[in-house]
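The values are calculated or read from the model by the stated rules, or taken from the named source; none is laboratory data. Predicted model only: the values in this text are computed from it and were never measured. Glycine also receives a Cβ, built like all others from the backbone with ideal geometry; neighbour counts cover every protein chain displayed. Surface accessibility is based on the protein's heavy atoms, side chains included, excluding ligands, DNA and RNA. Shrake-Rupley method; radii C 1.70, N 1.55, O 1.52, S 1.80 Å.
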Amino acid sequence: LSNNIPWIVALWNDTVNIYFVNNGLKKIECVNIVPAKDELYSRSKGILEIDILEKKHVAIIGLGSFGSQIAIELAKAGVGEYSLFDFDRVELHNLARHTCFIKDLGRLKTDAIEELILGKNPYAKVHKYPVDITQDKSLLDNILPDVDLVICGTDNNKSRIELSGLLFKHST
């Protein structure tokens, strides 16, 4: 960059924009910022087994106040793969306890939580299933053999019973 022409650097949505200020703003460069994997979790080394966690696949059924919080904490810990199940959309009454924001109102919870996971761990692999497992348990039935951990964050007994039955089936 030239010392003779004033310039501005602006950060927006993980993109660095460089502007020259000379008879108005002129954008000259955009650079995406994605930290290296080894830098992303450098402060957790020795505390968490990062190399092990990045190879783990977690299924989270129900992305309400608990399921969403758990997803974000697992992303911060470095878990590498997620299968997210929830047919619901973010509604106003969810926001008091949920990880989502006002901007997420009306979005599928699977889409909103995927964005939050990738915001903490851009290397994560996220599979989204906006389905009701009580209506379509075949999808979950096919995925369970490849999952290392299942989190049940549902808010009704019918889905908990369905999930328990599938987990029992795959435990033998």
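Below are the figures for this structure:
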quantity: Extension gain (nm, one decimal) between residue 170 and residue 156, 0.36 nm per residue minus Cα-Cα; calculated: 2.9 nm
quantity: Links that overshoot a 22 Å alpha carbon limit, given the list 56/76; 125/169; 55/120; 55/125; calculated: 125/169
quantity: Projected area averaged over orientations for the range 88-139, convex hull of C-alpha atoms, nm²; calculated: 4.3
quantity: Accessible surface, 1.4 Å probe, highest first, among residues 129, 123, 82; calculated: 123, 129, 82
quantity: Residue 137 accessible area, assembled protein chains, probe 1.4 Å, Å²; calculated: 90
quantity: Modelled label reach - residue 141, point 7 Å along Cα→Cβ, the range 157-171 residues with backbone N closer than 19 Å; calculated: 158-171
quantity: Cut-off under 5 Å, modelled amide H: who pairs with residue 56 long-range; calculated: 80, 81
quantity: Most to least accessible of 160, 97, 107 (protein chains only, probe 1.4 Å); calculated: 97, 160, 107
